[in-house]
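Quick note: the coordinates plus some simple rules give every number you see, no bench work behind them. From a predicted model like this one, the values you see are computed outputs, not experimental measurements. We place every Cβ from the backbone using ideal geometry, glycine too, and count neighbours over all the protein chains shown.
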Amino acid sequence: MTVVVLAGGTGGAKLARGMLDVVGDELVVIANTADDVEIYGAHVAPDPDLVTYWLADRIDERGWGLRGDTFHVMDGMRELGVDVWFNLGDRDLAVCLRRAERLAAGARLTEALDELRSALGVAARVVPMADAPVRTRVLAGGEWWPFQEFMIRLRGEGPVQGVEYEGVRAASPPPEALEAIAAARAIVVGPSNPVISIGPILAVPGMADALRAAAAPVVAVSPIVDGEVLKGPTAAFLEWAGQTLDARGIAATYRRLIDGLVTDERIELDVPAHVTGTLMGDAASRERVARETLDFALSLASPR
């Protein structure tokens, strides 16, 4: 039996860390890989690494990268005149260089991510949404931008005019992801950006069908906290998707996929809701939100 969490970004990673305290090695995280980028000869997988660093209690206080990392390589590259627009710590870079080496040697991304998980002593599994490359592109200012450049060079500023998941039609879920979904007693869509963090996962051919066919109930946790987005451009992407910045908008985005929604809003929805505080500012609150979410999912006796 497994508990599956779909995750991308900080919200999903925090919930996964709380769920680790609740279910231990039963946890399987399916992580967004459409934010990945090849740079400096390395393969950077921001969301899987973010989740893994959180699960290993190695996340830096910045909210990304490894705690206590140094940046000597980036400083050296700048000194040589390199346009260092994407910042990586030295040990973080080592992880990504090793990943690029493994992929070039024929390893699947699933295998490379599992090696990192094992090296950091993480009991839960972190599985990519696909082994094949999928890349989010954002149309803004009349120009298509690779996702990382949109977020860093444009600072994620909208309005968003279009979103596409390049390569997704040729992708498929790894067998490990499908097996975890089939064996799940609960499936949780993390409090991540529905368009750019969860959207690519659901767009992988066969993934949404597997979730709908699962015996386990599927619940989502809203990323809207006290009526606001804590981090990232969720508002701009929900506006592009034609959804409101509230629990109704989140539920509508996941229509025909979820059996319930965890939210801090007392608002009428088309699906069952569990209303609770969803701010995950410390370990105790992360565990509480995870436990309440799991209990809520298991209480839904009649999944789709």
Counting only residues 5 or more apart in sequence or on a different chain, those whose built amide H sits under 5 Å from that of residue 29 are 5, 125, 126, 127
Counting residues in the range 174-304 as N, plug N into 2.2 N^0.38 Å and put the Cα Rg over that result.
1.01
How far apart, in nanometres, would the label points at residue 267 and residue 79 be if each is projected 7 angstrom from Cα along the Cα-to-Cβ direction?
5.2 nm
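Over the chain, what is the relative contact order in percent, taking alpha-carbon pairs closer than 8 angstrom and at least six residues apart? Working shown, then result.
Working: 614 pairs, mean separation 63.3, N = 304.
RCO, the chain: 21 percent.
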Modelling each spin label as a point 7 Å along the Cα-to-Cβ direction, I'd like the residue 255/residue 25 distance in nm, to one decimal.
4.3 nm
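In nm, what is the difference between 0.36 nm times the number of residues separating residue 144 and residue 164 and their Cα-Cα distance?
Values: separation 20, 0.36 × 20 = 7.20 nm, distance 0.94 nm.
Fully extending the segment from residue 144 to residue 164 adds 6.3 nm.
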Tally Lys/Arg at +1 and Asp/Glu at -1 over every other residue whose Cβ is under 13 Å from the Cβ of residue 239; what's the total?
-2
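How about the range 17-92: which GluC sites (Glu not before Pro) there are in a DSSP loop, with at most 11 other Cβ atoms within 10 Å of their Cβ?
Values: sites: 26, 38, 61, 79; in loops: 61.
Sparse-neighbourhood loop GluC sites (Glu not before Pro): 61.
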CD proxy, 222 nm, the chain: helix-only mean residue ellipticity via -39,500 (n - 2.57) per DSSP H run with n ≥ 4, per residue, nearest 500, stands at -11000 deg cm²/dmol
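Taking Cα pairs under 8 Å and at least six residues apart, what relative contact order does the range 1-155 come out at, in percent?
Values: 234 pairs, mean separation 39.3, N = 155.
25 percent.
Counting other Cβ atoms within 10 Å, keep those with at most 14, restrict to DSSP loop, and tell me which GluC sites (Glu not before Pro) in the range 209-304 are left. Present the calculation step by step, with values, prior to reporting the outcome.
On the way: sites: 228, 239, 265, 268, 287, 292; in loops: 265, 268.
Answer in residue order: 268.
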Hey, rough spin-label estimate for residue 299 and residue 155, points 7 angstrom out along Cα→Cβ, what's it come to in nanometres?
4.3 nm
Compute the length gained on full extension between residue 111 and residue 39: take 0.36 nm times their separation in residues and subtract their Cα-Cα distance, giving the result in nm to one decimal.
23.9 nm
For helix 109-119, what angle does its Cα long axis make with the longest principal axis of the chain, in degrees from 0 to 90 and rounded to 10?
90 degrees
For the charge dipole of the chain, defined by +1 on Lys and Arg C-beta atoms and -1 on Asp and Glu C-beta atoms about the Cα centroid, which residue among 273, 242, 191 has the Cα displaced farthest towards the positive pole?
273
Residues 30, 196 arranged by fewest to most Cβ contacts within 10 Å:
196, 30
Assigned charges on the beta-carbon of Lys, Arg, Asp, Glu; the chain dipole about Cα centre (debye):
440 debye
